[in-house]
Amino acid sequence: MIERTPVLNVLTHVILLSGLVLLMGPLWIAFVAATHDMRTVNSPPVELWPGPYLFDNIREAWAISDFGRKFLNTFYVSVGVVAGKIVIACITAFSIVFFNYRGRMVVFWLVFITLMLPLEVRIVPTYAVAANALQPFQFIADWTGISWLWAQITGGALSMEWNLLNSYTGLILPLVATATGTFLYRQFFMTIPDELVEAARMDGAGPVRFLIDVLIPLSRTNMAALATIMFVYSWNQYLWPILIITDRANYGMVAVELRTLIPNQLTTGGGAPTWHLAMAATLLIMIPPILVVIFMQRWFVRGLINTDK
C-alpha cells in the first residue's frame, strides 16, 4: 500500500501541473496566433491573449489549401488503414496463438522485430514495391522461364505491372501491416482460457466460427484501442503521402497540404510570413484526431490495461 501524505500530494500535483503547462503552452500559443492578423503575429512581443480573427483566418486557410477534398482523402485513407490493420493483426495473432505449426514463434518474432526498424530503412523498398506491386511476380516468371514460354505461345512479352502511385490503394495498402497490433492481439488471445477453446470445439465450432463468434466480441476493447492509435497515426501521415502522391489536387493529404501554408521566402515572396494562417490550418487538422481520442478514451484505456478477461 502506498502511503498518502500531504507533502507527496502537493508534490505530485505540482509535477502534473508543470507537465500540463509544458504540453499546453505551445498549443495555446498556436491558438492565439490563429486568432490574430498577420501584423500582430509578426510583431514582438509574442501575443498571449486571443484576438478576433480566428474564423476569418480559418476561412482563408481553408480556401487557400482547398482543405475540403484533402480532409475527405485523409479520412478515407485513415479509415482504410485502421480497418486493414485491425483485420490483419487479428488474423495474424489468431494464427500464432491458436494454431500449433512449426515456425509460428519464428513468424511472431520476425513480425515483432519490424518494430525495431526505423521508417527510413523501409521507405525506399516500400516505394519500389508501390511503383510496381507485381515486380516480384515478374522476376519469378522471368527466372522460371514462364515469360519465355508465354512469349512462345502468344508471340508477345509477359509484362506484369500494378502501379500504386497516386491512388488510394497506394496510400493504404503499404501501411496496413502492424507489428504493434499483432502484439496487442497476441497478448489478449493468450489470456483466453483453454476451457473456452475446448467448449467451442465440443459445440462443433470451427476456427472461423470461433474467431467470429467468440474472439472478436471479446476483443472489442482491443479493437477500439488499436483503432484509436492507428487513426491518429494515419491522419498525421506525412512522409509516405509526399513520396507517392504527385497529383495533390485529387489525392492530397492534410498533413502534406499544411506545408503550403508554412511561411518561407518562396511562398511569401520576401514579405511578412503568414503564420496566422498556418496556425489556423494546424488547429483544423488537429480537430478530427482529438475528437476520436475523446470519444474513444474509455475504450482506449480499457483496451490497454484490462487483461482480466
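The values are calculated or read from the model by the stated rules, or taken from the named source; none is laboratory data. If you're wondering where the values come from, they're calculated on a predicted model, not measured in any experiment. Note that we place each Cβ from the backbone using ideal geometry, even for glycine, and neighbour counts take in every protein chain shown.
So for the stretch 97-112 (the condition being surrounded by 13 or more Cβ atoms within 10 Å (Cβ to Cβ) and either hydroxyl-bearing (Ser, Thr, Tyr) or closer than 19 Å to Leu239 by Cα (or both)), does at least one residue qualify?
No, there is no match, as no residue in the stretch 97-112 is surrounded by 13 or more Cβ atoms within 10 Å (Cβ to Cβ) and either hydroxyl-bearing (Ser, Thr, Tyr) or closer than 19 Å to Leu239 by Cα (or both).
Take the residues in the stretch 24-34 that are free of Cβ contacts under 8 Å to residues at least 60 places away in the same chain and not aromatic (Phe, Trp, Tyr); name whichever of them is nearest to Ile285 (Cα to Cα).
Residues of the stretch 24-34 that are free of Cβ contacts under 8 Å to residues at least 60 places away in the same chain, as a first pass: 24-29, 32.
Filter once more, so that each one left must be not aromatic (Phe, Trp, Tyr): 24-27, 29, 32.
Working: Met24: 17, Gly25: 18, Pro26: 16, Leu27: 13, Ile29: 16, Val32: 16 Å.
The selected residue is Leu27.
Go over the candidates Val81, Val87 one by one and state the one that is in contact with a Leu (Cβ under 7 Å, 6 or more places away or on another chain) and at pLDDT 85 or above. Spell out the reasoning first.
Numbers: Val87 fails: in contact with a Leu (Cβ under 7 Å, 6 or more places away or on another chain).
From the options Val81, Val87, the qualifying one is Val81.
I need a count of the residues in the stretch 1-36 that are outside any helix (DSSP H, G or I) and either loosely packed, with under 14 Cβ neighbours inside 10 Å or under 27 Å from the mean Cα position of the chain (by Cα) (or both). Outline the logic, then answer.
Residues of the stretch 1-36 outside any helix (DSSP H, G or I): 1-5, 35-36.
Then drop every residue that is not either loosely packed, with under 14 Cβ neighbours inside 10 Å or under 27 Å from the mean Cα position of the chain (by Cα) (or both), which leaves 1-5.
Within the stretch 1-36, residues that are outside any helix (DSSP H, G or I) and either loosely packed, with under 14 Cβ neighbours inside 10 Å or under 27 Å from the mean Cα position of the chain (by Cα) (or both) number 5.
Report, by residue number, each residue of the stretch 159-181 that is in contact (Cβ under 8 Å) with a residue 12 or more places away in the chain and either among the polar types (S, T, N, Q) or surrounded by fewer than 17 Cβ atoms within 10 Å (Cβ to Cβ) (or both).
Once the filter is applied, which keeps residues that are in contact (Cβ under 8 Å) with a residue 12 or more places away in the chain and either among the polar types (S, T, N, Q) or surrounded by fewer than 17 Cβ atoms within 10 Å (Cβ to Cβ) (or both), the stretch 159-181 yields Ser159, Met160, Glu161, Trp162, Asn163, Asn166, Ser167, Tyr168, Ala177, Thr178, Thr180.
Residue check, Ile123 against (1) in contact (Cβ under 8 Å) with a residue 60 or more places away in the chain; (2) under 21 Å from Ile86 (Cα atoms), all met but one. Which one?
Among (1) in contact (Cβ under 8 Å) with a residue 60 or more places away in the chain; (2) under 21 Å from Ile86 (Cα atoms), Ile123 violates only (2).
Across the stretch 98-143, what is the total count of residues that are over 24 Å from Leu164 (Cβ atoms) and not in a helix (DSSP H, G or I)?
Final tally of qualifying residues: 5.
Applying the selection to the stretch 38-60, what residues are under 24 Å from Val254 (Cβ atoms) and in a loop (DSSP other than H, G, I, E, B)?
Step one: of the stretch 38-60, the residues under 24 Å from Val254 (Cβ atoms) are 38, 41, 50, 53-60.
The answer is Pro50, Tyr53.
Report yes if Ala63 is farther than 22 Å from Val232 by Cβ, in contact with a helix residue (DSSP H, G or I) (Cβ under 7 Å, 6 or more places away or on another chain), assigned to a helix (DSSP H, G or I) and at pLDDT below 90, otherwise no.
Numbers: farther than 22 Å from Val232 by Cβ: yes; in contact with a helix residue (DSSP H, G or I) (Cβ under 7 Å, 6 or more places away or on another chain): no; assigned to a helix (DSSP H, G or I): yes; at pLDDT below 90: yes.
Criteria not met by Ala63.
Conditions first: (1) at pLDDT 85 or above; (2) in a helix (DSSP H, G or I); (3) farther than 26 Å from Cys90 by Cβ; (4) of a type in the set (S, T, N, Q). Thr260 passes all but one, so which condition is the exception?
Condition not satisfied by Thr260: (1).
Taking the residues in the stretch 215-253 that are of a type in the set (Ser, Thr, Tyr) and part of a helix (DSSP H, G or I) as candidates, determine which candidate is modelled with the lowest pLDDT.
Quick first cut of the stretch 215-253, residues of a type in the set (Ser, Thr, Tyr) only: 219, 221, 228, 233-234, 238, 246, 251.
Going one step further and asking which of them are part of a helix (DSSP H, G or I), we end up with 221, 228, 233-234, 251.
Working: Thr221: 84, Thr228: 88, Tyr233: 88, Ser234: 90, Tyr251: 87.
Ranking the candidates gives Thr221 first.
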